[in-house]
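Some notes on the structure that comes next.
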Amino acid sequence: MKLLQAVSENYANPITCFFHVLFKAAALAFYILFSLFVKSFVIIFVITVLLAALDFWVVKNVSGRILVGLRWWNEIDDEGNSVWKFECLDGESLARMNKKDSWLFWWTLYLTAAAWIVLGIFSLIRLEADYLLVVGVCLSLSIANIVGFTKCNKDAKKNIQAFAQNALASRVTSSLQSAFGVI
């Protein structure tokens with residue numbers, strides 16, 4: 001009970017943080033342990049990819065919104081072009097986001113991809129092309145979230161700067177108008 005209380009004091013959303021880390025750790029742990037002790041490629045492939053897909057979904061649709069206030073998706077327009085769509089909280093809400101939640105979100109996002117890269121290198125060294133396939137699928141899902149959230153974060157910062165500049169310009173204009181009696 002004391003540990004849960006200490007964690008909840010540090011993180012604004014401890015349950016979301018737990019599930020954000022859970023599926024990443026589960027996919028990595030399952031892959032590593034079963035690769036060492038069980039030599040059934042089909043079981044390793046199916047369960048590891050399932051856990052990585054659950055992680056992808058949780059990060060993209062739940063923890064991204066709650067921990068960093070961002071959401072992204074990709075659509076195909078009428079001409080067949082890929083169009084990235086981004087959503088973010090307003091500037092004031094983003095400023096109130098918990099720093100530890102945000103830190104956990106970004107670091108685990110990048111560290112998971114780094115871990116899959118290291119595991120891919122080990123698969124190459126051991127000449128296990130089938131296991132490289134598992135790593136490739138999991139790494140692709142991790143990189144998709146990294147790219148999506150990085151683009152979304154840049155778009156959010158650009159929108160916040162534009163909003164701040166517009167707000168400042170309208171304040172200056174209204175101050176000047178009231179100072180000179182222009183309506």
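When ranked by the protection proxy of mean other Cβ atoms within 10 Å per residue, highest first, what sequence do the peptides 76-88, 55-67 form?
Working: 76-88: 10.6, 55-67: 19.8.
Descending packing order for the listed peptides: 55-67, 76-88.
When both the stretch 120-144 and the stretch 12-55 are represented by their alpha-carbon centers, they are found 14 Å apart. If R0 equals 22 Å, the separation of the Cβ atoms of V38 and A129 corresponds to a calculated FRET efficiency of about 0.75.
Is the shape of the stretch 32-95 best called rounded, prolate or oblate, per the rule: a/c under 1.5 gives rounded, else a/b larger than b/c gives prolate, else oblate, with a ≥ b ≥ c the square roots of the Cα gyration tensor eigenvalues? Cα axes put the stretch 32-95 in the oblate bin.
For K151, the lysines whose Cα comes closer than 28 Å to its Cα, not counting residues fewer than 8 places off in the same chain, are K24, K60, K85, K99, K100.
None of the figures in this text is laboratory data; all of them are computed from the coordinates on show. The structure displayed is predicted, hence computed values, not measured ones. Note that each Cβ is placed from the backbone with ideal geometry, even for glycine, and that neighbours are counted across all protein chains shown.
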